[in-house]
Amino acid sequence: MLAALGMFVSSEGYPTQQKSCGACEVLDGFVPPTNIHDDIRKMVGKYKGGGGKKNVAIQKARGVIETGLQPEFIGGADCPEIDSEQWAIDYSKKRGKAALHRGVDIPQPKGTPIRAVAEGVVVGRFMNKGRKDGIAVVLRHTPEQSGLSFWTYSQYAHLREMSPLPIGAKVKMGGEIGKTSNTGKMGRNVRRDALHFAILYSAHPEWSNDGAVVTPRDGYFMDPNAFYRLSPPYDSLSMSKLPQDQKSIPVPYMRKDGGFQPSNTKRIWPYVCD
């Protein structure tokens, strides 16, 4: 029956769509989609409806809980800020079913360049027709590239058009990923132009792309503000318990002159700052 539906059973015993990203297969760490547990797809939110109480429970267990962290741009720089669409807020009213916001939204005028938050490689390009996230690109960052002790994945969504960067393209920190817009299926209200910015991470180097989503092996979501911390913890539960005086996170950035603040940073905000 599963074979007739174009499906087969994964090594964990769960039915999995038999799709893959052919261009990804030569990239470091890539494994077939069947090597990734289906719960990870549910965590990312594009599997079996992409929402609902069961998927939300998995997402909460894997980091999608509010932490109270806030960015504090180094030197008091004027950087584009996160608006009311903050990390892990309840989206149930907007979606009509149990749902969480698995990233942050940073409004900017249409066409504003979006910058790679660290050196990395393009591992996902998704048009997402009929989906709320719209055109999206995903980068993979090794520990050496990010300065962190684990593998991270940065997602940039609602792009104006698909990035010219192909799968496998190497991107320098600060390189342009695409342009700001508001692509994606909308509800009754018109969405403002903004970047949806998300971070996933894993202790393992393996990942997959099934043609619909990038899934790190045994992956978790991270509050994007936590991506800029210089020391552990990084998991949401631990960060939610931090004292209030540790909730402000110093955030590095790219200046208009193309330099970085501080000059030795390996991670920056996804927009240029004044």
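The values are calculated or read from the model by the stated rules, or taken from the named source; none is laboratory data. Since the structure is predicted, the reported quantities are computational estimates derived from the model, not experimental observations. Because the Cβ atoms are built from the backbone with ideal geometry, glycine has one as well, and the counts that use them run over all protein chains shown.
One table, with the values for the structure above:
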{"read-out": "Any pair with Cβ under 7 angstrom, 6 or more apart, that starts in the stretch 129-152 at a residue that is over 30 Å from Gly111 (Cα atoms) and ends at one that is hydroxyl-bearing (Ser, Thr, Tyr)", "value": "Pro143/Ser149; Phe150/Tyr201; Phe150/Ser202"}
{"read-out": "Residue among Tyr271, Tyr220, Tyr253 that is buried (at least 23 other Cβ atoms within 10 Å of the Cβ) and either modelled with pLDDT of 95 or more or closer than 13 Å to Val117 by Cβ (or both)", "value": "Tyr253"}
{"read-out": "Matching residues in the stretch 97-108 - criterion: being closer than 17 Å to Glu85 by Cβ and either among the basic types (Lys, Arg) or not in a strand (DSSP E or B) (or both)", "value": "Ala99, His101, Arg102, Gly103, Gln108"}
{"read-out": "Members of the stretch 244-259 that are more than 17 Å from Leu139 (Cβ to Cβ) and touching a Gly at 6+ places or on another chain (Cβ under 8 Å)", "value": "Gln244, Lys247, Gly258"}
{"read-out": "Output for the stretch 22-46, where each listed residue is crowded, with 22+ Cβ neighbours inside 10 Å and assigned to a loop (DSSP other than H, G, I, E, B)", "value": "Ile36, Gly45"}
{"read-out": "Odd one out for Arg160 among (1) crowded, with 20+ Cβ neighbours inside 10 Å; (2) touching a Ser or Thr at 6+ places or on another chain (Cβ under 9 Å); (3) more than 27 Å from Ser263 (Cβ to Cβ)", "value": "(1)"}
{"read-out": "Condition check for Asp90: within 19 Å of the chain's Cα centre (by Cα), of a type in the set (Asp, Glu) and modelled with pLDDT under 85", "value": "yes"}
{"read-out": "Counted residues, the stretch 115-144 - those being closer than 17 Å to Phe227 by Cα, more than 12 Å from the chain's Cα centre (by Cα) and either polar (S, T, N, Q) or part of a strand (DSSP E or B) (or both)", "value": "3"}
